[in-house]
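Asks: Quick one: structure below, then a few questions.
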Amino acid sequence: MKANLWPLLAVVVLTLGLLVACGGQETAAPAVEEIDLTTLADSVDAATVNAVKDNPGVFLIDVREPDEYAAGHIPGITLIPMGEVAARLAELPRDKEIIVTCRTGNRSGQVADLLREQGFTNVHNMSGGIVAWEEAGYPVEQ
């Protein structure tokens, strides 16, 4: 009697396999949720920046020196060298989330603190800077 169960078991396994395979093809992949900009932490990682960089509510600034920027930067980012930020505050939007980056996150962290001291409440430092961005495999412009 045990020998007669093998063909039945094989049919059940194959049927279940087909149902799972067919069901996977009919089910659409879940949509990736947009990140709520109001919930961004003071420090954000490269993956988060990549996810929000094209959002019209986000303004990215690179605070490195022009030669560092020219060697490679996040596409679409605005260059405002660290030494010029205080004199160029009027260029920064108060109605958008500002993400500041540099090479490793040190200078951008200092600039983020400066902006907060100047009354900006929508400032975020990109931890790891362009180094983390490149290590994650995200594109750079030169």
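Asks: In segment 75-106, whose amide N lies under 12 Å from the spot 7 Å out along Cα-to-Cβ of V140? List them in ranges.
Replies: The answer is 75, 102-104.
Asks: Taking the Cβ of each residue in M82, M126 as the centre, tally the other Cβ atoms inside 10 Å and list the residues starting with the fewest.
Replies: M82, M126
Asks: Hey, another quick one. With the Cα gyration tensor of segment 37-135 in hand, convert its eigenvalues to equivalent ellipsoid semi-axes via √(5λ) and list them largest first in whole Å.
Replies: Three semi-axes, in Å: 17, 16, 12.
Asks: Fewest to most neighbouring Cβ within 10 Å: what's the order for R116, R64?
Replies: By the 10 Å Cβ count, ascending: R116, R64.
Asks: Further question on the same structure: Extending each Cα 7 Å along its Cβ direction at K96 and E68, get the distance between those two points in nm, one decimal.
Replies: 2.2
Asks: Suppose every Lys and Arg Cβ carries +1 and every Asp and Glu Cβ carries -1, with no other charges. What dipole size does segment 37-135 come out with about its Cα centre, to the nearest 20 debye?
Replies: Working: 8 positive and 15 negative charges, 38 e Å.
That gives segment 37-135 a dipole magnitude of about 180 debye.
No lab work stands behind these numbers, since they all come straight from the coordinates. Please read all numbers here as calculations on a predicted model, not as lab measurements. As a convention, Cβ positions derive from the backbone with ideal geometry for all residues, glycine included, and neighbour counts pool all protein chains shown.
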